[in-house]
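The values are calculated or read from the model by the stated rules, or taken from the named source; none is laboratory data. If you're wondering where the values come from, they're calculated on a predicted model, not measured in any experiment. Ideal geometry is used to build each Cβ from the backbone, glycine not excepted, and the neighbour counts take in all protein chains shown.
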4 protein chains.
Amino acid sequence: MTMNFILDVDGVMTTGQFIYSKDGKEYKIFGPHDADGLKLLRDKLNIKFITADKRGFLISKRRIEDMGFEIELVTEQDRYSYIKDNYGFENTFYMGDGIFDMKIIRDCKFGIAPKNARIEARKVADFITPSNSGEGAVCDACIKINRTFFK
Amino acid sequence: MTMNFILDVDGVMTTGQFIYSKDGKEYKIFGPHDADGLKLLRDKLNIKFITADKRGFLISKRRIEDMGFEIELVTEQDRYSYIKDNYGFENTFYMGDGIFDMKIIRDCKFGIAPKNARIEARKVADFITPSNSGEGAVCDACIKINRTFFK
Amino acid sequence: MTMNFILDVDGVMTTGQFIYSKDGKEYKIFGPHDADGLKLLRDKLNIKFITADKRGFLISKRRIEDMGFEIELVTEQDRYSYIKDNYGFENTFYMGDGIFDMKIIRDCKFGIAPKNARIEARKVADFITPSNSGEGAVCDACIKINRTFFK
Amino acid sequence: MTMNFILDVDGVMTTGQFIYSKDGKEYKIFGPHDADGLKLLRDKLNIKFITADKRGFLISKRRIEDMGFEIELVTEQDRYSYIKDNYGFENTFYMGDGIFDMKIIRDCKFGIAPKNARIEARKVADFITPSNSGEGAVCDACIKINRTFFK
């Protein structure tokens, strides 16, 4: 059976910051090495991205699709049951950084938080990355998963 | 009686930096987690934002209104008396980062400065956030207020 | 006699970084608090900015003029004699961050380097700011000058 | 015989980050001092840049050509043999930051990794720069090469 690796986008693939102009949310800052890390796992895991950021959805979508992956818009309130119903916690690796990710990180098979995640997320994580989000945290996570589960 | 939480924008909700092109001040960098933190308090406190940045006002306004809050343009010289007259220091939590915020932080009920605020602001603060501005300082402040005053 | 305060722009007023698109150098990142610091000194010193960045000149010019100051384009090779001839080192405070600023920092009345300046500049400085450039280094410098020379 | 200095771009000349809008990869952040450092070596070494970033190629090209150098698009898989065949490892200084740079850094005459490079690259480097990429790492590398091989 194929396992799943579900990743939040803001604060995981990005610095978590939003660059605003007077016209609204315009840019996000994506980090180095993460695309390289995901390549290591793409034939071994079912990799999916979720985000609750409606206003910045097209920015996140563009980056995730540029890397060849899929992204789904799921509200923070629905996130827990969305993962439970669609993937099942026992089959899922999860990486998130915020207050609303805490329960998912705790209940999934292997929960990961970036070094700069909220303390609430880091406290329940199985693995805290040595790099900040937007500076290679997802690459760290992929190498850790590869070494722990596929070697 | 409802208490007030007044927040400065630049250096509190943002990194404090201005991204300039040859056409002027174009962008500001807003941080992660802060919108989540403010959600915790929005039914418990009257939350308002003020800024002295005239040239960047439309950028700040756009972000603050995207989160569903109001923002007012108040010069640095008028800021102290504006808060005193409109809200009263005994009813007000305040968060600021600059030289001109010092007296307000000192005189309000509970004064907060981000980790990377000017030393002048940090010296008189009741609480210094563990995160920098633009990296979750407002979320830290909201959790602190919630725990201290509403639990 | 009025003293002069000459400041480099890139790496002093900014993070030193250039944000490029496919169309070239588009943006620079200016720091917080620096405009507040310069206000403290503007009636006490003749404040001028110089830069060697031709391609980014209009970006720097826009920011410096927004603050009400003047900026001049001077190549790195000409910088030393330009200051000597136009201002005189005995009458000049200087703040710079690069290899080419070293001799000026050393020879002027009071030489300042940001915390993140090149080691070559920091080694000869009279004052190294506690903040990085683009994070309040010029504000630090202004407060230091004000305390040391005007109190 | 002239020696070669081959440099990767993303994570070496830049912070490694990509600034995305809904229209795709728009900007990269280039660091201070690096152009000054390269000037020290341009008459002493054959300096060339390579990159595997196809989508951001025009951004990197613009910056590198603004500094007066050439850049070539080479995939990560081809990078090792490309350098071997075109330059020869015994005649080449190389600077890179990623997983795919490891073997080149190890096998070239003098391999350099920025302070914030992946651990895999840093472990085999002859020199790790004191500065992060996008904050002067290439300037560090140039000064090191100049002192070690040309003085």
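In segment B:19-40, the residues that are farther than 16 Å from C:Ser21 by Cα and more than 9 Å from chain A (Cβ to nearest Cβ) reach residues that are assigned to a strand (DSSP E or B) and of a type in the set (Phe, Trp, Tyr) with C-beta atoms within less than 7 angstrom, at least six apart or across chains, in these pairs: B:Lys25/B:Phe18. If you scan segment C:100-127, which residues turn out to be over 13 Å from the mean Cα position of the chain (by Cα) and among the β-branched types (Val, Ile, Thr)? Residues satisfying the conditions are C:Ile119, C:Val124. What do you reckon, is C:Phe49 within 24 Å of B:Asp97 (Cβ to Cβ) and either modelled with pLDDT of 95 or more or small (Gly, Ala, Ser) (or both)? Here the answer is no, as C:Phe49 does not meet what is asked. Scan segment A:4-18 for residues that are more than 14 Å from chain B (Cβ to nearest Cβ) and either surrounded by fewer than 18 Cβ atoms within 10 Å (Cβ to Cβ) or among the polar types (S, T, N, Q) (or both) and the total you get is 1.
Per the conditions (1) over 13 Å from the mean Cα position of the chain (by Cα); (2) farther than 28 Å from D:Phe100 by Cβ, the sole criterion not satisfied by A:Asp43 is (2). Quick check on segment D:141-148. Is at least one of its residues in contact with a Gly (Cβ under 8 Å, 6 or more places away or on another chain), under 21 Å from D:Gln17 (Cα atoms) and at pLDDT 95 or above? For segment D:141-148, residues in contact with a Gly (Cβ under 8 Å, 6 or more places away or on another chain), under 21 Å from D:Gln17 (Cα atoms) and at pLDDT 95 or above: present. May I ask you to list the residues in segment B:72-93 that are crowded, with 21+ Cβ neighbours inside 10 Å and either in contact with a Leu (Cβ under 6 Å, 6 or more places away or on another chain) or more than 14 Å from every other protein chain (Cβ to nearest Cβ) (or both)? Within segment B:72-93, B:Ile83, B:Thr92, B:Phe93 qualify. Are any residues in segment D:1-11 of a type outside the set (Ser, Thr, Tyr) and either assigned to a strand (DSSP E or B) or farther than 15 Å from D:Met67 by Cα (or both), and if so, which ones? If the condition is that a residue be of a type outside the set (Ser, Thr, Tyr) and either assigned to a strand (DSSP E or B) or farther than 15 Å from D:Met67 by Cα (or both), then D:Met1, D:Met3, D:Asn4, D:Phe5, D:Ile6, D:Leu7, D:Asp8, D:Asp10, D:Gly11 are the ones that fit. Of the residues in segment D:78-100, at least one is out of contact with any strand residue (DSSP E or B) (no Cβ under 9 Å at 6 or more places or on another chain), at pLDDT 95 or above and hydroxyl-bearing (Ser, Thr, Tyr).
The residue that is surrounded by the fewest Cβ atoms within 10 Å (Cβ to Cβ), counting only those in segment D:99-122 that are basic (Lys, Arg) and within 25 Å of C:Ile119 (Cα to Cα), is D:Lys115. Every condition in (1) closer than 18 Å to B:Asp23 by Cα; (2) at pLDDT below 95; (3) not aliphatic (A, V, I, L, M) holds for C:Thr2 except the one numbered (1).
Residues that are small (Gly, Ala, Ser), free of Cβ contacts under 8 Å to residues at least 60 places away in the same chain and within 23 Å of B:Asn132 (Cβ to Cβ) within segment A:100-130 comprise A:Ala113, A:Ala121, A:Ala125, listed in sequence order.
Take B:Gly111 and decide whether it is closer than 27 Å to A:Phe100 by Cβ and modelled with pLDDT of 95 or more. Considered against the rule, which asks whether it is closer than 27 Å to A:Phe100 by Cβ and modelled with pLDDT of 95 or more, B:Gly111 comes out as no.
Residues that are within 13 Å of another protein chain (Cβ to nearest Cβ), among the hydrophobic types (A, V, I, L, M, F, W, C) and not in a helix (DSSP H, G or I) within segment D:114-142 comprise just one, D:Ala117.
Determine, yes or no, whether A:Gly96 is in contact (Cβ under 8 Å) with a residue 12 or more places away in the chain, crowded, with 24+ Cβ neighbours inside 10 Å, more than 21 Å from A:Asp53 (Cβ to Cβ) and of a type outside the set (Asp, Glu). So A:Gly96 fails the test. Would it be correct to say that B:Gly56 is surrounded by 17 or more Cβ atoms within 10 Å (Cβ to Cβ), touching a residue at least 60 places away in the same chain (Cβ under 8 Å) and within 30 Å of B:Ser21 (Cβ to Cβ)? Judged against the criteria, B:Gly56 is not a match. Residues in segment A:60-71: is at least one buried (at least 23 other Cβ atoms within 10 Å of the Cβ), within 14 Å of another protein chain (Cβ to nearest Cβ) and out of contact with any Phe, Trp or Tyr (no Cβ under 7 Å at 6 or more places or on another chain)? Checked against the condition, which is being buried (at least 23 other Cβ atoms within 10 Å of the Cβ), within 14 Å of another protein chain (Cβ to nearest Cβ) and out of contact with any Phe, Trp or Tyr (no Cβ under 7 Å at 6 or more places or on another chain), segment A:60-71 yields at least one hit.
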